[in-house]
Amino acid sequence: APPRSRENAGGASPAAPTEFTELRVHASPVDRYTNRLTEFASDLAKNDAQQLFFCATKGGREKVERLLKEFDIPFADETLSAELTVTNGNLARGFFFEELRFVAYSEWDLFEPPTSTRIGGKRRKTDAFLSDLRDLKAGDFIVHVDHGVGRFLGLQRIPFGATEREVMQIEYSGGGKLLMPMENLNLIQRYTAGEEAQPKLDKLGGTTWARTKAAVKKAMRDMADELIKLYATRQMVYGHAFSKDSPWQFEFEDAFEFDETEDQLGAIEDVKSDMESRKPMDRLLCGDVGYGKTEVAMRAAFKAVMDGKQVAVLAPTTVLAFQHYRTLLRRFASFPVTVELLTRYYGAKEQKEILKKVESGEIDVVIGTHRLLSKDAAWKDLGLVIIDEEQRFGVAQKERLKQIKKSVDVLAMSATPIPRTLHMSMTGIRDISVIETPPKDRLAIQTAVVPFNDEFIRDAIDFEIGRGGQVFFVHNRVESIYAMKEYLEKLVPGIRVIVGHGQMDERELERAMLAFINREFEVLLATTIIENGIDIPACNTILINHAERFGLSQLYQLRGRVGRSDRLAFCYLLVPSDRVLTNDARKRLAAIQEFSDLGAGFRIAARDLEIRGAGNILGGEQSGQIAAVGFEMYTKLLEEAIREMKGEKIEEEVETSMNLGVDIYIPKTYIGDENLRMTFYKKIASASTEERLTDIRNEMRDRFGALPDNVESLFHFVRVKAFAKHLGVLSIVRDGARAVVKLTPTAKIDPNKLLLFLGENPQAKFSPNGVLSFPLREHGPEVIDAIEKTLQTLAA
């Protein structure tokens, strides 16, 4: 078995088979592993019943069997008979059938359910657009909407009248400090703008932040203008409106061997809707490799062929084109669809013959590289162009694609993670579908940092090859890569190793890659050229030599080359055994090891991936603008610029401040972790609807128990604050025994109701500059009630 990596396991085994609820305890990963499996072993020993252990996936079964061996728990296999049998089956929880003396265990009795299993219904899209504060630590840069870039110093409790209040400390240039109440956390964004970005702190009350924002907004107007012009031109052109789905379409889709994810179904619906419209489709489909983009594209291709149209599938490299060709051949095998591959590996005569058949309409779907964009490529009736990794094509190819886009439906696919906030901002100027949900049976990649060791490397390679898989070995030094090849062949006699690196001739490199894909070799020894664009489901172990030399996002991308099937995958970060690592290297390796759950990439590599995503969609020159204001503020300004260019009126939002002297905070005794408290403060402060607040309240109650009174008051406070903001109230302050409400000139207050209120309350006063004050005799949470009733009385 491979070395004993102990990440992402969890929990404790049940005390008795009948008590299989509420098993998951909060402890360190190693403790949780040891405790659960030790208790589980003890439980098995005491039981004389027949026992079955159900695992949801092949990978899950491998993990369970490996751990049972590790903890010396006997189970039945080809060589051993035992009372415990491990089998496949997705059981939600275990149970004990006393009459039959039969115990069933579920994989989820030992481990946390995978993140792709959604407990409690659909994921809320609004969650995706919240700045993630889970990993925020003292010293990190943050952006305040009004005051600009500051440095987060931590949370602090300060006296506040007769109560206390939790505030966020933010340091600004010149030593200025802002103590911001946690209920205003919606005004805070995390600063992200690339790993190397070191922004200057703004000055509290200064003008630098306003000037910076204005300069960035001005710079992005030209880009927004160009995007809108392209979009408008496309809206005016008419193309082919495809028919509704045919019976064969339904049959083709039913043959898909996996369950579609929610995002995948949404993308399929978007693409079909575009194709059935008279306007030519120009949709960008984003999602990690293996998340199901190709299936969406194949359904679109099949739909086009069913309408008698031809389809071109463009890939930037021969390897990718060959991968798509194999996939399409397999999926289209049962249907009368002619699929052909056109690459430079074919001789001139063969290429000419294929192009002749394309022109005559004998071929329905052609997969190829930029060769398909050549002037001699003529089509009988081209209806759909599918482009994989459009940003990797050259200028000349992009110009040719622009001409094609004018009248033909185009679906572009990209594995570059598109930041969700950017996706939101781009809505309305570019049609984008994002697939963020991992496939149902996708498992987290088991990640471990390991000293470079002969025995360890041999065991890891033997284990993978022994279960019929292949191995990536990353060695990022071309000058010593062939010496490493000799070392591996000597270490594991009989293995076939092939080398790939960027200094090889392009054709030779592609031949090596194709040979590995065709399983002629067990190990691909390569530099970081495998970082992008390679999808080999059979390869589920990667060893990264000198992992301490890589950046965080690079490690994340390399690790993503494995774990693309339902098998358990391993990533081993090899470090020198005779050298002390730097602090930064240790932090990077700890982060990649800790965040090995599905979807963690957006958090751990946010800085680098966000910039790369923005550069690929908007153009790399945008990086400087992003560094000036931070990514989240950049996308907010972009959205405003786009709305202005489209002629929409943008009303300046009023941010209401409320100071009522009421206990409104989340106690440490309720949520002990500071970052988790901040996350919930931000969720509550950013909630835009009553429904969303209710959802957050239910989530907190489910996770942490009944809400304390001051948390209930916080929810009520935020509801009233949102209502005040809607009415156009600048501030509400409790001043001794009076409430002081300051209104904006455009406040939605009914003048007649205001006069009636003043008549009924002789001690109430209203000044010409829009300040209303009135007696406030209530105390504690009743103060919030009193303010709410008053606002409802005055509302237009």
Self-check item: Spatial separation of Cα centroids for region 449-503 and region 328-394, in angstrom
Solution: 37
Self-check item: Shape call, region 453-520: gyration tensor on alpha carbons, a/c limit 1.5
Solution: oblate
Self-check item: Cβ-derived FRET efficiency at R0 60 Å, Val771 paired with Asp259, nearest 0.05
Solution: 0.50
Practice problem: Whenever you get a sec, line up Met633, Met504 from highest to lowest accessible area (probe 1.4 Å, protein heavy atoms). | Solution: Met504, Met633
Quiz item: Quick one: Karplus J couplings for region 302-314, per residue in order, coefficients 6.51, -1.76, 1.60, θ = phi - 60°, nearest Hz, x for Gly and Pro?
Solution: 4, 4, 5, 5, 5, 9, x, 9, 9, 10, 10, 10, 9
Exercise. Whole number in Å², please: accessible area per residue of region 275-350, 1.4 Å probe, ligands, DNA and RNA not counted.
Key: 33
Exercise. Anything over 26 Å Cα to Cα? Flag those among Lys649/Lys725; Lys58/Lys490; Lys203/Lys668, in the order listed.
Key: Lys58/Lys490; Lys203/Lys668
Quiz item: Using the beta-carbon distance between Leu329 and Arg507 and R0 = 22 Å, what value does 1/(1 + (r/R0)^6) give for FRET efficiency, to the nearest 0.05?
Solution: 0.45
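The values are calculated or read from the model by the stated rules, or taken from the named source; none is laboratory data. Computed from a predicted structure; not experimentally measured. Cβ coordinates were reconstructed from backbone atoms using ideal geometry, including for glycine residues, and neighbour counts include every protein chain displayed. Accessible surface is based on the protein model in full, side chains and every heavy atom, while ligands, DNA and RNA are left aside. Shrake-Rupley method; radii C 1.70, N 1.55, O 1.52, S 1.80 Å.
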